[in-house]
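Comments concern the structure below.
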Amino acid sequence: MRVCLPDGGRLAATDTSNDRIRFFSPSDLDAQSDRYNYAFRSIGRRDTAPGDFDRPEGLATDGTHLFVADSGNHRVQQLRISDGRSVDSIGEQGDEPGQLCFPVGLALVCGSEHGGSSGVLPSNRELAVGNSDRLYVADRGNHRICVFGVSPLRYLTSFGQQGNFPCYFMFPAGLAVHAGCLYVADLFNRRVQVADLFNRRVQVLTLDGGFVRAFKV
């Protein structure tokens, strides 16, 4: 997983097998091979201490901080981009509210993308009002999407459970946000579910791009 940072087009990438985050500069891009020659900075090692990781996966950024799905440690860490220091974290292994089980994908949604009091998915007033950012986390082992507030990191709600109905998941993985919609790679169901954060509708798409139907939730 990689994410573009706001300071001059640098990239941050999860080096999952080596339990670290690596940072790359555009000046190090080899135009001939379209590959980076080296990383100018690396953060972390395999450990449970703040700023260390166990199989980091998804990344998201708000321009100042980098959010990391620290999968093997069953938590999300918030790093300061300027120096790489861990300033906050949330989660522990389990299936209770606020707990995680091998989180992978992350998507950060700014407050203006939530649609105000018209409602979001799920129907939860804490999500539907205000302008605070929301961090969506693919909680792979628990077959659900968890939603956290940021600054500070705090649990808000979750939706989904194991199954193949709309808004049910089988090992959700990658997340992405575009035009007020949350896209979820529903891995073992071999489909993509699209949650409209404004109108609380879910569309189910097959791997060949076919549209199944939309569901009001």
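The values are calculated or read from the model by the stated rules, or taken from the named source; none is laboratory data. Please read all numbers here as calculations on a predicted model, not as lab measurements. All Cβ positions, glycine included, derive from the backbone under ideal geometry; neighbour counts span all protein chains shown.
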Can you run down the residue pairs with Cβ atoms below 8 Å, 6 or more apart or on separate chains, where the first is in the stretch 94-108 and within 14 Å of Arg154 (Cα to Cα) and the partner is of a type in the set (Asp, Glu) and in a strand (DSSP E or B)?
Leu100/Asp139
Filter result for the condition that a residue is under 20 Å from Tyr155 (Cβ atoms), crowded, with 19+ Cβ neighbours inside 10 Å and among the β-branched types (Val, Ile, Thr), over Ile43, Ile90:
Ile90
Considering every residue within the stretch 180-190, establish whether at least one is aromatic (Phe, Trp, Tyr), surrounded by fewer than 17 Cβ atoms within 10 Å (Cβ to Cβ) and either modelled with pLDDT under 90 or in the same structural domain as Gly63 (by TED's automatic domain parsing) (or both).
no
Within the stretch 43-64, identify whether any single residue is at pLDDT 95 or above, in contact with a Ser or Thr (Cβ under 8 Å, 6 or more places away or on another chain) and of a type in the set (Val, Ile, Thr), and answer yes or no.
no
Selection count, the stretch 165-179, where residues are in contact with a Leu (Cβ under 7 Å, 6 or more places away or on another chain), surrounded by fewer than 18 Cβ atoms within 10 Å (Cβ to Cβ) and assigned to a strand (DSSP E or B)
1
Reported set for the stretch 149-171 where residues are under 16 Å from Arg75 (Cα atoms) and either touching an Asp or Glu at 6+ places or on another chain (Cβ under 7 Å) or in contact (Cβ under 8 Å) with a residue 24 or more places away in the chain (or both) is Val150, Pro152, Leu153, Arg154, Tyr155, Leu156, Thr157, Ser158
Within the stretch 53-75, considering residues that are touching a Cys at 6+ places or on another chain (Cβ under 9 Å) and buried (at least 17 other Cβ atoms within 10 Å of the Cβ), the one farthest from Arg22 (Cα to Cα)
His74
